[in-house]
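The values are calculated or read from the model by the stated rules, or taken from the named source; none is laboratory data. A quick note: this is a predicted structure, and the numbers were derived from the prediction, not measured. Using ideal geometry, Cβ is built from the backbone for each residue, glycine included, and neighbour counts are taken over all protein chains shown. Accessible surface is based on the protein model in full, side chains and every heavy atom, while ligands, DNA and RNA are left aside. Shrake-Rupley method; radii C 1.70, N 1.55, O 1.52, S 1.80 Å.
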Amino acid sequence: MLTRPTYRLFLDESGDHSYGKLEKKLFRLLMKGKVLWEQMFPSYPSLEEEGSRYLGLTGTIFKLESYSNAFLPALDALKQDIFNTRDIVFHAKDIIQRRGPFYILQDPELTRAFDERLLDLIRTSDYKSITVVLDKKKHVKKYNDPWHPYQYSLLALMQRYCYFLSERGARGDIVAECRGKRENFALQEAYKKIYYRGDGKYKKADFYQRCLTSNGIKIRKKKMNIHGLQLSDILASPLKKYTLIKYKVIKEANEKLFWKQIIEAAKPKIRCRSSDSRTEGYGIILIR
């Protein structure tokens, strides 16, 4: 019998969740004009672009009591003070591009006040984060017939989340934002495969079923104004960049960019190993 969760992970993604269009390339080994060997290999041209190459999944983990009593009213207060309404839904792209109700952030003074309040919320709220980044370009070279990117990324994230829950003797669930029907189905299928079969290497299904209170991800529409999903949305892209920096895939930018301030505010919230505060493999994971 399923029980009510103590913790909840709010899930969001950054980047393209597909491999793109599949093409076949013919490779030949020639010697003195004769073909010694030839084989067709899959190719995904879109993965040559950095923006399409990496998929990041970020989960923010809240104890539900703290979420309801502290985080919800704090985010509502920020919205009310800056935008004069609590019904606005924070979305990183809309904020950056000043779209919709965020057009008022064209005012430099208002932007400064908003940035300070947002960073303070990220810094002081009681939560932990886990970010998994999949290098799809390297992955398709390793596997001729790779699983859906969600399968790899969600597996790594669910492993760490369930370890987090098990360490506390707690149970939890996962909430994600509604995408398209195809995306929702792929995410749900990836979750159910782990929930009912285990991860195939480290933990059997009963471990995940003991830790999780639901046999499926709870999909919620953006208009429902789920506060935890909005935090994950804001953190997803910066923490994906931070993961790639920590694993020395990309270099850290020298410019004073706001996403770097978000990273600094969020660093103490990244899940780590208790013995030495190591985050690699615990709160930030790169799959190649």
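The table that follows gives values for the structure above.
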| quantity | calculated |
| --- | --- |
| Free-standing Cys residues across the chain, given no other cysteine C-beta under 4.7 angstrom | 178, 272 |
| Whole-number percent relative contact order across the range 114-208, with pairs defined as alpha carbons under 8 Å at least 6 apart | 23 |
| Projected label distance in nm at residue 4 and residue 109, using a 7 Å step from Cα toward the beta-carbon | 4.6 |
| Cα-based helix-to-principal-axis angle, 108-124 vs the chain, degrees rounded to 10 | 80 |
| Relative contact order computed over the range 45-157 (Cα-Cα under 8 Å; 6+ residues apart), in percent | 44 |
| Accessible carbon and sulfur surface of the chain relative to its total accessible area, %, 1.4 Å | 50 |
| 0 to 90° range, to nearest 10: angle between helix 72-83 axis and the chain longest Cα axis | 80 |
| Percent antiparallel among DSSP beta bridges (both partners in the chain, rounded to 5) | 60 |
| Residue-averaged [θ]222 nm for the chain, counting only DSSP H segments that reach four residues, each worth -39500 (n - 2.57) | -12500 deg cm²/dmol |
| Separation between Cα centres of the range 112-176 and the range 219-274, rounded to whole Å | 10 |
| Approximate spin-label separation residue 255-residue 280, in nm, with each point projected 7 Å along Cα-to-Cβ | 2.7 |
| Relative contact order for the chain, counting Cα pairs under 8 Å that sit 6 or more residues apart, in percent | 27 |
| Value of Rg to Rh for the range 185-288 (Rh from inverse mean 1/r over Cα pairs, i.e. Kirkwood) | 1.02 |
| Solvent-accessible area per residue, Å², over the range 154-262 with all protein chains present [probe radius 1.4 Å] | 51 |
| Helix 181-197 axis, angle to the chain major axis (alpha carbon atoms, nearest 10°) | 80 |
